[in-house]
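**Q** Quick one: structure below, then a few questions.
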Amino acid sequence: MLLSFLLASCAGGPADAGAQSAQPVFIVITKNPEDQVDIQAENGAAQIDIQSPSGIGAASFELESGTMPENITLRLHLMGLEGFRLTSARDQISASVSGEANANTQTILSSGAESPLSPGDSLWIEIAIVSEAEKKIPLEEGYFEVTVPQEFIRNAGTLFEIEWIDFYR
């Protein structure tokens, strides 16, 4: 069963804030009721923290009001990231981080054909392990920081989805 809840960023602004873009308000639907999503948005950027006790999940984000952020960073609090998918009506990007060397492989699905992505591509997803402890998989502390490509954000319009798998079972 899908759990739907509204997440609004609480951002106060100066009296002349009308000249600035409106802060985004998203409707978030998670696949698993126990998954928690927290969105902090300000100055054209959004940070989305995701806690997923099972390690496998999905969430859709629909912009209800305001302006889609130019920069979106996801913090996935998982032990691994063997599967990650970022989907919009136009683009579907898959990524995987595995092994001791934290190898990052990515593909894009377009017109029914899957093609590899390289670090210089405009749809390449930057993925980093953020931890004060050892940065190895399985990640004991910390999170995976996923920077959503600006090209993807521009193409997405008002709706995008993410899926994650810490480890294939």
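Taken together, the values in this text are just the output of simple stated rules run on the coordinates, not laboratory data. As the structure is a prediction and not an experimental result, all values here were calculated from the model. So basically every Cβ, Gly included, is an ideal-geometry build from the backbone, and we count neighbours across all protein chains shown.
**Q** If packing is taken as the mean number of other Cβ atoms within 10 Å per residue, what is the order of 77-88, 24-35, highest first? Intermediate results must be reported in sequence, preceding the final value.
**A** On the way: 77-88: 19.7, 24-35: 17.8.
Going from most to least packed, we get 77-88, 24-35.
**Q** Now for a different question. With a ≥ b ≥ c taken as the square roots of the eigenvalues of the C-alpha gyration tensor of the range 51-93, please select rounded if a/c is under 1.5 and otherwise prolate if a/b is larger than b/c or oblate if it is not?
**A** Numbers: a/c = 2.14, a/b = 1.65, b/c = 1.30.
In terms of gyration-tensor shape, prolate.
**Q** Based on Cβ point charges of +1 for Lys and Arg and -1 for Asp and Glu, what charge dipole magnitude is obtained for the range 93-148 about its Cα centre, in debye rounded to the nearest 20? Write down the numbers at each step before the final one.
**A** Values: 2 positive and 9 negative charges, 39 e Å.
Roughly 180 debye for the range 93-148.
**Q** For the range 33-159, what is one quarter of the convex hull surface built on the Cα atoms, given in nm²? All intermediate terms of the calculation are to be shown ahead of the outcome.
**A** On the way: hull surface 33.7 nm².
Computing the convex hull of the Cα atoms and averaging its projections yields 8.4 nm².
**Q** Using the Cα centre as the reference, give the magnitude of the dipole from point charges on the C-beta atoms of the range 27-164 (Lys, Arg: +1; Asp, Glu: -1; all else neutral), rounded to the nearest 20 debye. It would help to have the intermediate numbers written out before the result.
**A** On the way: 7 positive and 22 negative charges, 66 e Å.
Once rounded to the nearest 20, the dipole reads 320 debye.
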